[in-house]
Amino acid sequence: MAILKVSRMGHPVLRQPAREIPADRVDHPALQRLIDDMVETMADEQGIGLAAPQVFQSLRLVVLGDPQSDPEDPDAIPLTVLVNPRWLARSDEQAEAWEGCLSIPGLRGMVPRSVSVTLEALDRQGQRVELKAHDLFARVLQHEIDHLDGVLYLDRMTDMRRLAFNEEFERYWRPREDQSPPE
Ligand code: NI
């Protein structure tokens, strides 16, 4: 396995639609190695999602989740590999939350996303899977699958005043539990 270089905003690979992967190529050793390398790169970068264009591969492939997550934790995103994901449904109900992106280092912004989603895809064995997700899991799926269409979270923002450098985010925007009034 190897840690891959991550493409940064401005590189054309992040702005072009990625190619479908033929179902009978999913088990090809080169693709399986790419999946392993993407999982390792995501963990090394402490990300919770990575799309193939972010490692300079214009392919419809995303990995997400936390390989070290506690399987007992209901909020944890399980390690998920999706090939050629396609939306079946996205809720009209949206919620806003802060997002960052390994291809846009140092920044984060407030992004509206559907609260719940359903998709179909191939798994890393090339088998068709259907996946329903809510809240953070749904948000990460929307962020990563946007990458396959050349869309970045900045494009989804509705108020650019809520774009911040990480240091300023920590200082001025992060909810401060320690400052809530004592009960
Ligand atoms: Ni991203």
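The values are calculated or read from the model by the stated rules, or taken from the named source; none is laboratory data. The structure presented is a predicted model; accordingly, all values stated were derived computationally and were not measured. A quick note on method: Cβ atoms are made from the backbone with ideal geometry, for glycine too, and the neighbour counts reach across all protein chains shown.
Things worth noting here:
- Residue 26 being within 16 Å of the ligand (Cβ to nearest atom) and buried (at least 18 other Cβ atoms within 10 Å of the Cβ): no
- Matching residues, region 51-68, being touching a strand residue (DSSP E or B) at 6+ places or on another chain (Cβ under 7 Å) and of a type outside the set (Lys, Arg): 51, 52, 58, 59, 61, 62, 63, 64, 65
- Listed by first and then second residue, the pairs with beta-carbon distance under 7 Å, at least 6 apart or on different chains, first residue in region 153-178 and closer than 27 Å to residue 54 by Cα, second at pLDDT below 95, are 164/173.
- All positions within region 139-161 that are away from the ligand (no atom under 16 Å from the Cβ) and among the hydrophobic types (A, V, I, L, M, F, W, C): 160
- Check on residue 82, more than 16 Å from the ligand (Cβ to nearest atom) and either over 25 Å from residue 35 (Cα atoms) or surrounded by 15 or more Cβ atoms within 10 Å (Cβ to Cβ) (or both): no
Residues checked against (1) touching a strand residue (DSSP E or B) at 6+ places or on another chain (Cβ under 9 Å); (2) farther than 27 Å from residue 168 by Cβ; (3) within 16 Å of the ligand (Cβ to nearest atom); (4) at pLDDT 95 or above:
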site: 1; (1), (2), (3), (4): no, yes, no, no
site: 18; (1), (2), (3), (4): yes, yes, yes, yes
site: 35; (1), (2), (3), (4): yes, yes, no, yes
site: 46; (1), (2), (3), (4): no, no, yes, no
site: 49; (1), (2), (3), (4): yes, no, yes, yes
site: 76; (1), (2), (3), (4): no, yes, no, no
site: 109; (1), (2), (3), (4): yes, no, yes, yes
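The rows are residues; the columns are (1) under 23 Å from residue 151 (Cβ atoms); (2) among the charged types (D, E, K, R).
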{"position": "8", "(1), (2)": "yes, yes"}
{"position": "20", "(1), (2)": "yes, yes"}
{"position": "41", "(1), (2)": "yes, no"}
{"position": "53", "(1), (2)": "yes, no"}
{"position": "56", "(1), (2)": "yes, no"}
{"position": "61", "(1), (2)": "yes, no"}
{"position": "73", "(1), (2)": "no, yes"}
{"position": "77", "(1), (2)": "yes, no"}
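- Among residues of region 33-54 being in contact (Cβ under 8 Å) with a residue 40 or more places away in the chain and among the β-branched types (Val, Ile, Thr), the one that is surrounded by the fewest Cβ atoms within 10 Å (Cβ to Cβ) is 35.
- When 162, 124, 139, 128 are screened for being basic (Lys, Arg) and under 14 Å from the mean Cα position of the chain (by Cα), only 139 passes.
- Of all residues in region 134-152, those that are without any contact (Cβ under 8 Å) to a residue 60 or more places away in the chain have Cβ atoms under 6 Å from Cβ atoms of residues that are among the charged types (D, E, K, R) and more than 11 Å from the ligand (Cβ to nearest atom), 6 or more apart or on another chain, in 139/113; 142/113.
- Among residues of region 56-82, those that are polar (S, T, N, Q) and under 29 Å from residue 17 (Cα atoms), counted: 3
- Among the candidates 131, 136, 88, 102, residue that is within 16 Å of the ligand (Cβ to nearest atom), within 28 Å of residue 21 (Cβ to Cβ) and in contact with a Ser or Thr (Cβ under 9 Å, 6 or more places away or on another chain): 102
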